[in-house]
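Contents: one structure, followed by commentary.
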Amino acid sequence: MSHRELIQTLKLYPAILKDFVAAIPPEKLHHRPGPGFWTVYEHLEHMVLTQQVIQQRLETIRDHEKPQIVPFDPDEHHRDVSVGPAGSPPASAEELVADYGRWRERQLKVIEKASEQLWRRGAQHPEYERYGFEILVRHALLHDGFHLSRMEDLAFMKQELLRPL
């Protein structure tokens, strides 16, 4: 896949996510089918949180000749979604979708300005044998696609066919 194709696909995801979330029945957003499952809302919240991580990593790789990436553990950052920051109500699904779109716009500003040299720049990541700018951009697509697929299963698949991760 070319860099242009990766960028075009990244641009499509906010609209895909918006339409997809709008199609999810409200009662399915916070439904947990059983132990070992995240809810649709938790997947959505995680997608937004990881956009911030992706942005930071893009900037780290852009701004450093020998970038060092810090691992991200979603369990460390997973919060109780029954309350928002400082006890406020949690963000609505629509607010999370809007946040996702804003983060993607910020990412695209970095990605679209990237030189060929930056696309080839590697980075040290303790969990990967090989890592760098291009891998990170592709990973953003794959990560989001994974969570969209999981959300679709949770929202529309027959409950008895669902399996925890």
Cβ-Cβ under 6 Å pairs, at least 6 apart or on other chains, the range 1-26 side under 22 Å from Arg106 (Cα atoms), far side assigned to a helix (DSSP H, G or I) and among the small types (Gly, Ala, Ser): Pro14/Gly101; Val21/Ala93
Give me the pairs: first residue in the range 31-55 and free of Cβ contacts under 8 Å to residues at least 12 places away in the same chain, second residue in a loop (DSSP other than H, G, I, E, B), beta-carbon distance under 8 Å, and six or more apart or on different chains, which are they? Arg32/Trp38; Arg32/Thr39
Please verify whether Lys113 is surrounded by fewer than 15 Cβ atoms within 10 Å (Cβ to Cβ) and either at pLDDT 95 or above or over 30 Å from Ala22 (Cβ atoms) (or both), treating the condition exactly as stated. yes
Being among the acidic types (Asp, Glu) and not in a helix (DSSP H, G or I) narrows Glu134, Glu127 down to just Glu127
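Rundown of residues vs (1) touching a Leu at 6+ places or on another chain (Cβ under 9 Å); (2) within 30 Å of Gln124 (Cβ to Cβ), yes/no style:
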site	(1), (2)
Ile7	yes, yes
Ala22	no, no
His30	no, no
Val40	yes, no
Gln51	no, yes
Ile54	yes, yes
Leu58	yes, yes
Pro67	no, yes
Asp73	no, yes
Flagged pairs (Cβ under 6 angstrom, 6 or more apart or on separate chains; first in the range 128-143, more than 18 Å from Glu105 (Cα to Cα); second of a type in the set (A, V, I, L, M, F, W, C) and part of a helix (DSSP H, G or I)) are none
Which of the residues that make up the range 34-59 are more than 16 Å from Leu17 (Cβ to Cβ), in a helix (DSSP H, G or I) and among the hydrophobic types (A, V, I, L, M, F, W, C)? Val53, Leu58
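The values are calculated or read from the model by the stated rules, or taken from the named source; none is laboratory data. All values reported here derive from a predicted model rather than from experimental measurement. Cβ: placed from backbone, ideal geometry, glycine included. Neighbour counts: every protein chain shown.
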